[in-house]
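**Q** Could you have a look at this structure, given as structure tokens, before my questions?
Throughout, read-outs are computed from the coordinates displayed, never taken from laboratory work. None of these values were measured; they are calculated from a predicted model. Here the Cβ positions follow ideal geometry from the backbone for every residue, glycine too, while neighbour counts run over all protein chains shown.
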Amino acid sequence: MKKRSKVFLIALIVIVIAAAGIALKARSPDAVPVTTEKASYSPLRSIVTASGNIVPHKGVDISANIMGEIQKIAIREGDHVEKGDLLIVIDPEFYRSDLRREEANLASAEAELALSRSKYQRAEEIYSKKPAGPDESLISKEEYEGLLAEYRVAQSNFNRVTAQVESARTNLGKTSIYSPIAGVVTSLNVEEGEVAVTGTMNNPGTVLLTVSDLSKMQAEVEVDETDIVNVELGQQAEVTIDAYPDTIFQGFASEIGNSPIISSLGSAGEEAVDFKVVINLNDLPPGLKPGLSTTADIVTKSLERALSIPIQALTMRSAGKSKDG
């Protein structure tokens with residue numbers, strides 16, 4: 001009987017301990033599963049990501065230096081041109097007539113100058129001589145100075161008209177517009193019969209066309225103001241172009257803009273402030289077109305050997321006091 005009571009007591013103790021364990025587990029929070037990895041050394045990079053477009057290394061917007069109707073367009077968009085090739089002709093008739101008129105004025109001014117020079121030289125010759133006798137007729141000082149003044153006015157008028165002839169000749173030459181560089185016509189903004197307008201201090205003139213050197217292309221991206229402080233000239237960059245999604249192009253930052261690019265984010269009045277960064281690219285495919293969308297990862301810092309663990313091995317815990325504190 002004593003043996004049976006002892007066995008019953010042991011069984012009761014086991015049941016009580018098991019029940020207490022179950023209750024304690026029910027009150028404790030669920031355990032958080034984590035992934036563990038061994039820390040190791042590996043390369044580590046800090047990058048700034050920005051988007052933009054492919055642009056030519058050199059492009060020239062060509063505007064008219066004189067106003068007039070476009071009489072002839074000698075090229076089409078996409079044409080390759082050499083430096084000095086004829087691009088556009090503005091109707092020259094007005095400027096040709098202006099040159100003829102100024103040339104006629106110049107001929108008249110030249111004749112007046114020749115006559116006044118002859119009169120002055122004769123007067124100077126007489127005025128400089130001493131009288132041989134009381135009856136010899138001499139030119140008065142007033143007459144001499146009057147002829148000198150006429151000569152000087154004629155000389156000034158001749159110089160002025162000569163300058164007007166040169167100006168008219170220059171304007172006539174501007175009616176033919178030639179390519180300043182070798183390249184491709186990447187945009188043509190006018191048609192024959194339209195009027196080319198010259199620019200003023202407050203109003204830009206008509207951009208007739210753009211010629212770009214497509215032999216060397218680059219990426220032009222806009223970096224956020226919070227990241228631009230970390231970007232420096234010469235930093236390496238990896239660039240992807242939407243038209244070539246499976247290729248990463250290597251390059252480096254060759255230019256950092258100083259003027260902010262401000263754009264509106266919506267109706268709330270918020271603005272985004274970015275800065276232009278130009279990236280020179282290597283080993284580009286032939287036939288790459290300007291304007292293609294691109295994304296650049298600019299490496300701002302890098303370590304060849306950094307102690308690291310996978311991000312999935314980390315877990316966040318809620319803030320609280322430690323058991324000891």
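**Q** Can you run the Rg to Rh ratio on the stretch 58-207? Use alpha carbon positions and the Kirkwood inverse-distance Rh.
**A** Taking Rh as the inverse mean 1/r over Cα pairs, Rg/Rh reads 1.33.
**Q** Around Gln236, under 10 Å between beta carbons, what's the net of Lys plus Arg minus Asp minus Glu among the other residues?
**A** Spelling it out: positives minus negatives among the neighbours equals -1.
**Q** Also: Taking 8 Å as the Cα distance limit and 6 or more residues as the minimum spacing, I'd like the relative contact order of the stretch 58-207 as a percentage. Don't jump to the answer; show the numbers that get you there.
**A** On the way: 192 pairs, mean separation 74.8, N = 150.
Dividing the mean separation by the residue count of the stretch 58-207 yields 50 percent.
**Q** If you place +1 on the Cβ of every Lys and Arg, -1 on the Cβ of every Asp and Glu, and leave all else neutral, what size is the dipole of the stretch 58-207 about its Cα centre, to the nearest 20 Debye? Each step should come with its number before you reach the end.
**A** On the way: 17 positive and 25 negative charges, 84 e Å.
About 400 debye.
**Q** Residue farthest toward the positive end of the dipole of the stretch 153-294, with Cβ of Lys/Arg at +1 and Asp/Glu at -1: which of Thr247, Gly199, Ile177?
**A** The residue sitting farthest along the positive end of the dipole is Ile177.
**Q** Okay, next question. Tell me, what HN-Hα J-couplings in whole Hz come from the Karplus equation 6.51 cos²θ - 1.76 cosθ + 1.60 at θ = phi - 60° for each residue of the stretch 101-106, using x for Gly and Pro?
**A** Karplus-based 3J(HN,Hα) across the stretch 101-106 equals 5, 5, 5, 5, 4, 5 Hz.
**Q** Calculate one ³J(HN,Hα) per residue across the stretch 225-233 by plugging θ = phi - 60° into the Karplus curve 6.51 cos²θ - 1.76 cosθ + 1.60, and present them in order as whole Hz with x for glycine and proline.
**A** Once rounded to whole Hz, the list reads 4, 6, 9, 4, 5, 9, 8, 10, 4.
**Q** Just add up the charged neighbours of Ser46: K/R +1, D/E -1, any other residue whose Cβ is under 11 Å from the Cβ of Ser46. Walk me through the numbers before you get to the answer.
**A** Values: positive: Arg45, Lys301; negative: Asp227, Asp297.
With Lys, Arg at +1 and Asp, Glu at -1, the neighbours total 0.
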